[in-house]
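To start, the structure under review is shown below, and the notes come after it.
Nothing in this text is a laboratory measurement; each read-out follows from the coordinates by a stated rule. Computed from a predicted model, the values in this text were never measured in an experiment.
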């Protein structure tokens, strides 16, 4: 595992614990099912992650972290052009 992957996982755990992951999803008007389809997991899995009942496993966590980071970057880009 690369260092950048470890940093992504650390960021994801923080984003899930703080509610930032859910907030990003909601701000982009995405459902848990839509997120799940993109990262190849079931909707209940995303729900369990967001509720803190389950911690994502490495492969799925990395896909989820990458997606959330893209959403975060898109949000920052939208702010800078507004």
Self-check item: Taking all pairs of distinct alpha-carbon atoms in the chain, Kirkwood radius in angstrom
Solution: 12.9 Å
Quiz item: Can you give me the relative contact order of region 3-71 as a percent, contacts being Cα pairs under 8 Å and 6 or more apart?
Solution: 40 percent
Quiz item: What full-extension length gain, to one decimal in nm, is calculated for residue 11 and residue 77 as 0.36 nm per residue of separation minus the Cα-Cα distance?
Solution: 21.8 nm
